[in-house]
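**Student:** I'd like to ask you about the structure that follows.
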């Protein structure tokens with residue numbers, strides 16, 4: 001029985017997902033003798049979460065955990081296979097959705113600034129594209145919005161440039177300028193700093209914090225970088241093999257992770273301190289499971305030091321082991 | 001010159017490398033000098049474009065010349081200047097004495113040969129070297145190997161062809177040493193069937209099967225998940241003592257370097273700016289760039305410790321600068337910093353810095 | 001509401017248009033082949049335009065009337081009066097060659113333009129739609145691809161009668177499939193680029209994404225291919241014209257002239273030679289230009 005993830009019910013929730021799943025069918029060709037062929041890639045399974053308005057939620061996980069697919073499903077770029085997405089009270093998965101209305105309020109900054117900006121467009125045209133298509137402003141109004149947006153990210157003089165002439169950090173700033181130009185309420189960011197150097201990353205992180213404060217934005221940040229997640233987010237959603245396995249306020253989870261996978265994940269993050277050489281004590285076996293043929297029951301059980309018979313048979317639901325802190329594990333007490 | 005080990009494994013002096021590009025001549029590495037002893041783990045840390053990869057490629061001799069050009073300097077490996085050798089002599093060191101692993105193992109492993117065959121190739125190279133006392137090139141061996149032995153009939157267990165030559169135990173050994181579970185299965189797989197972490201371990205297995213004295217690793221874990229990265233780094237550190245190798249790790253991640261390195265060298269825009277023991281770099285960083293870099297690493301929540309990015313950005317490398325390259329971004333810049341270029345000098349025992357704050 | 005002041009690098013880079021022009025000029029300077037190709041092509045285009053405009057204005061830029069007979073002695077060898085000699089009917093060959101220029105150029109441009117447009121749209125749409133639509137469009141492309149040019153041209157020539165327009169139509173029908181294939185390949189490469197997704201989230205509809213984002217980014221490859229292809233059309237058209245399917249005498253046309261004059265190969269070699277050379281120059285010119293374009297634009 002999967003219980004719903006949530007925080008205090010009176011928190012203003014801007015986005016909610018209920019049992020969200022995304023499966024990709026595999027085209028295997030026609031083989032009449034094939035039996036029990038795996039038919040789906042289970043990218044996202046049964047994800048339920050609530051994002052409070054004005055906060056930053058980080059979805060943390062390694063490759064193949066489904067976090068990028070989750071973002072694409074929420075934004076309807078890749079419609080969900082089952083489950084619901086409710087944005088500010090409106091159910092996006094039922095009935096016809098006016099995408100333009102949606103994107104006026106929800107925007108995304110994509111992974112890899114190199115490919116998220118059309119190389120043939122000038123910066124000002126890239127930033128103005130959402131304004132032009134989603135709003136009914138006059139040309140002067142759009143121009144003003146664009147220049148304001150560029151000024152906010154510190155690229156006022158770059159309006160006429162093309163992406164090919166920009167550095168990685170500058171490109172990412174253009175992507176951010178584009179996303180916030182129309183003043184959305186919620187911004188999803190997919191690995192916003194993964195391709196960037198440390199000093200540039202620091203600039204972008206601080207920029208994001210400032211923008212959130214000034215424009216009252218809600219952030220959903222997809223990342224595999226634990227220190228970035230810790231720095232930016234108020235709540236953390238940890239994913240493994242398509243499922244949410246731990247969820248709650250960031251500080252307590254990083255300080256005391258409860259799911260065995262989260263324990264390993266947090267302790268794998270290199271600490272910039274030679275006196276705390278945590279990496280050399282790591283013991284983790286196995287690999288991320290196949291998304292096509294996942295293990296039965298709890299998907300982590302083949303690699304879990306605490307696994308017992310029950311783990312192979314029953315998928316653990318999310319249960320609250322501390323206020324607001326949810327874990328999907330039968331034996332989460334063992335990591336306390 | 002502060003290493004306690006008496007024999008210098010690697011000594012680079014005054015190395016300068018330039019590149020021809022459409023924007024002009026780029027000075028990728030300028031007057032680099034460093035030393036490494038045996039059984040040492042040294043990390044070269046810097047941001048993109050700082051020249052660290054170029055440095056590593058120059059050591060192993062894989063730099064494309066042209067467009068690269070070695071302007072000056074020596075790379076002395078066990079007292080032999082590799083740059084002064086002919087290419088045919090230099091090749092004998094590559095893959096045998098000095099091995100290298102790269103960021104993306106998929107492009108380093110041959111996609112059409114099974115893992116077992118590729119490791120066997122590495123082993124054969126070493127055996128031939130031991131037999132004939134001469135190095136054989138790192139390419140082309142496959143053809144020779146296949147032509148000099150008869151193709152073994154595939155057994156029920158699908159053992160690779162080299163089983164007939166008795167190489168299978170050595171192959172399994174190499175895989176076990178990099179802690180790969182089920183090595184018997186892996187032997188028959190192709191590179192694309194393995195995960196990134198596994199491929200990287202295979203690369204390490206191949207590199208170490210040569211028993212090199214120096215292993216260069218260029219961002220070996222950047223493309224890996226964080227848990228896999230931890231495993232691979234731990235593996236490298238463990239193997240270092242088992243195989244008696246020194247490791248030169250190229251990385252942009254100071255945190256990673258702090259976890260595994262004995263010594264850390266910081267590079268900025270082609271220059272070596274700081275070189276000291278890892279513990280000291282974190283407790284007492286001297287160069288303002290190092291200080292700035294450390295302040296950029298997020299640790300803890302934004303509410304606790306706000307990051308302080310380094311103002312400005314890196315200058316383009318194709319414009320020769322007068323004075324210290326970091327001066328325009330440095331809070332402590334003095335007049336002399338804009339006029340003369342600081343030299344990397346030892347200001348404390350075992351600690352070199354290139355900065356006028358610490359004297360000439 | 002400014003962000004933290006991070007002083008950006010002061011780059012004095014050239015503006016994009018200057019860079020484009022600079023690249024082209026650099027290409028022209030450095031590559032002899034491109035220079036020759038560009039010169040030949042320019043010469044042909046200018047000549048063709050001049051003849052065409054003169055024709056509209058009922059004027060004439062050629063020294064003699066191309067279809068007027070007996071402007072000089074028949075079968076006269078090239079001389080200052082008749083730069084390419086005269087043919088069996090006393091017509092000035094030079095005038096005929098020059099006057100025929102617009103035919104080949106017009107046909108090749110029209111065919112290529114048509115192929116580019118149709119191919120680009122079909123290929124890009126197929127790539128972005130995927131699934132059954134993609135399969136259907138590609139199979140249709142294959143069908144057109146399978147039709148042999150000459151056979152179709154002859155069939156049309158028989159059914160509708162010969163003529164430049166009819167031949168152009170015949171060529172247009174079978175010329176576009178490679179462009180569709182090429183466009184589809186290029187479009188597939190970019191279909192999952194994040195900037196296409198970003199355009200979706202900017203509210204752009206499918207057609208707009210196609211026009212504004214997809215086509216411009218695949219255009220370079222298509223244009224390079226097209227520039228190399230022009231020469232081929234010229235050659236094929238000249239072949240059709242040689243077979244008598246294009247113009248009716250006495251209108252001059254290069255291919256037709258080669259056919260008509262071939263009996264004089266040994267007695268009056270200048271007759272088939274000059275039209276043949278001009279055809280060759282046309283093909284070579286466009287090929288060199290296309291090659292140069294490929295080297296400069298393709299590499300960048």
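Every number here is computed from the coordinates shown, using simple stated rules; none is lab data. Treat the numbers as computed from the prediction; the structure is a model and nothing was measured. Virtual Cβ from ideal backbone geometry, glycine too; neighbours counted across all protein chains shown.
**Student:** Quick one: check the C-alpha center-to-center distance for region A:200-227 versus region B:206-229, whole angstrom.
**Tutor:** Centre-to-centre (Cα) distance: 32 Å.
**Student:** Please report the spacing between the Cα centers of region C:73-122 and region C:140-195 in Å, no decimals.
**Tutor:** Going from one Cα centre to the other spans 24 Å.
**Student:** From Cα pairs below 8 angstrom and at least 6 apart in sequence, can you work out the relative contact order of chain B, rounded to a whole percent?
**Tutor:** That works out to 21 percent.
**Student:** Right, another one. Percent relative contact order of region C:54-160, based on C-alpha pairs within less than 8 angstrom and at least six residues apart? Provide the component values of the computation, followed by the final result.
**Tutor:** Details: 81 pairs, mean separation 15.8, N = 107.
Computed value for region C:54-160: 15 percent relative contact order.
**Student:** Classify chain B: rounded, prolate or oblate, from the alpha-carbon gyration tensor (a ≥ b ≥ c, eigenvalue square roots; a/c under 1.5 rounded; otherwise prolate if a/b is larger than b/c)? Intermediate results must be reported in sequence, preceding the final value.
**Tutor:** On the way: a/c = 2.22, a/b = 1.74, b/c = 1.27.
It is prolate, given that a/c is not under 1.5 and a/b is the larger ratio.
**Student:** Any idea what log10 I(q)/I(0) is at q = 0.12, 0.16, 0.23 Å⁻¹ for region A:144-262, Debye with uniform C-alpha scatterers and no solvent?
**Tutor:** -0.49, -0.81, -1.36
**Student:** Further question on the same structure: State the dimensionless ratio Rg/Rh of the protein assembly as shown (Rg: radius of gyration of Cα atoms; Rh: Kirkwood radius). The partial results should precede the final answer.
**Tutor:** Numbers: Rg = 34.2 Å, Rh = 33.1 Å.
Looking at the protein assembly as shown, the ratio lands at 1.03.
**Student:** Moving on. With angles folded into 0 to 90 degrees, how steeply does helix B:115-132 sit against the dominant principal axis of chain B? Use alpha carbons for both and round to 10.
**Tutor:** Between helix and principal axis, roughly 90 degrees.
**Student:** Dividing the convex hull volume of the Cα atoms of region B:316-360 by its residue count, what figure in Å³ per residue is obtained?
**Tutor:** On the way: hull volume 3.6 nm³, N = 45.
That works out to 80 Å³ per residue.
**Student:** Right, here's the next one. Relative to the longest principal axis of the C-alpha atoms of chain A, give the angle of the C-alpha long axis of helix A:168-180, reported between 0 and 90° and rounded to the nearest 10°.
**Tutor:** In chain A, helix A:168-180 runs at an angle near 80 degrees to the longest axis.
**Student:** Then there is this: What shape does chain A take by its C-alpha gyration tensor, where a ≥ b ≥ c are the square roots of the eigenvalues and a/c under 1.5 counts as rounded, a/b above b/c as prolate, and the rest as oblate?
**Tutor:** Details: a/c = 1.77, a/b = 1.49, b/c = 1.19.
It comes out prolate by the Cα gyration axes.
**Student:** Given the options B:339, B:280, B:97, which has the most mean-square fluctuation in a GNM of chain B, springs set between C-alpha atoms less than 10 angstrom apart?
**Tutor:** Of B:339, B:280, B:97, the Gaussian network model singles out B:339 as fluctuating most.
**Student:** Which residues in region A:64-79 place their backbone N less than 19 Å from a point set 7 Å from the Cα of residue A:39 along the Cα-to-Cβ direction?
**Tutor:** Counting only backbone N, you get no residues.
**Student:** Take peptide A:227-236, look around each residue's Cβ out to 10 angstrom, count Cβ atoms belonging to other protein chains, and average those counts.
**Tutor:** Working: counts 5, 1, 1, 6, 11, 3, 2, 3, 0, 0.
Partner Cβ neighbours, averaged per residue: 3.
**Student:** Given a Förster distance of 35 angstrom, what is the FRET efficiency for residue C:129 paired with residue A:12, based on the Cβ-Cβ distance and rounded to 0.05? Could the numbers behind the result be given before it?
**Tutor:** On the way: r = 40 Å, r/R0 = 1.16.
It comes out at approximately 0.30.
**Student:** Rounded, prolate or oblate: which fits region A:58-132, taking a ≥ b ≥ c as square roots of the Cα gyration tensor eigenvalues, rounded meaning a/c under 1.5, else prolate when a/b beats b/c?
**Tutor:** On the way: a/c = 2.59, a/b = 1.26, b/c = 2.04.
Oblate, since a/c reaches 1.5 and b/c is not below a/b.
**Student:** Add -39500 (n - 2.57) for each DSSP H run of 4 or more in the protein assembly as shown, then divide by its residues: what number comes out at 222 nm, to the nearest 500 deg cm²/dmol? Can you show the working numbers first?
**Tutor:** Working: 35 runs with 418 residues, N = 996.
The helix-only estimate for the protein assembly as shown comes to -13000 deg cm²/dmol at 222 nm.
**Student:** Just to confirm the number: angle between the C-alpha axis of helix A:123-134 and the first principal axis of chain A, 0 to 90 degrees, nearest 10?
**Tutor:** 80
**Student:** Given a Förster distance of 56 angstrom, what is the FRET efficiency for residue B:306 paired with residue B:127, based on the Cβ-Cβ distance and rounded to 0.05? Walk me through the numbers before you get to the answer.
**Tutor:** On the way: r = 58 Å, r/R0 = 1.03.
Rounded to the nearest 0.05, the efficiency is 0.45.
**Student:** On a C-alpha basis, how far is the centre of region A:276-330 from the centre of region A:76-138 in Å? Whole number, if you could?
**Tutor:** Answer, in whole Å: 34.
**Student:** Still on this model: State, as an integer percentage, the relative contact order of chain A based on alpha-carbon contacts under 8 Å between residues 6 or more apart.
**Tutor:** Details: 618 pairs, mean separation 69.4, N = 336.
After rounding, I find 21 percent.
**Student:** By DSSP, what percent of the beta bridges with both residues in the protein assembly as shown are antiparallel, rounded to the nearest 5?
**Tutor:** Numbers: 60 of 97 bridges.
Percentage antiparallel, nearest 5: 60.
**Student:** For chain A, give the share of DSSP beta bridges that are antiparallel, in percent and rounded to the nearest 5; count only bridges with both residues there. Intermediate results must be reported in sequence, preceding the final value.
**Tutor:** Working: 27 of 45 bridges.
Around 60 percent antiparallel, to the nearest 5.
**Student:** At a Förster radius of 22 Å, what calculated FRET efficiency corresponds to the Cβ-Cβ distance of residue C:208 and residue A:140, to the nearest 0.05?
**Tutor:** It comes out at approximately 0.45.
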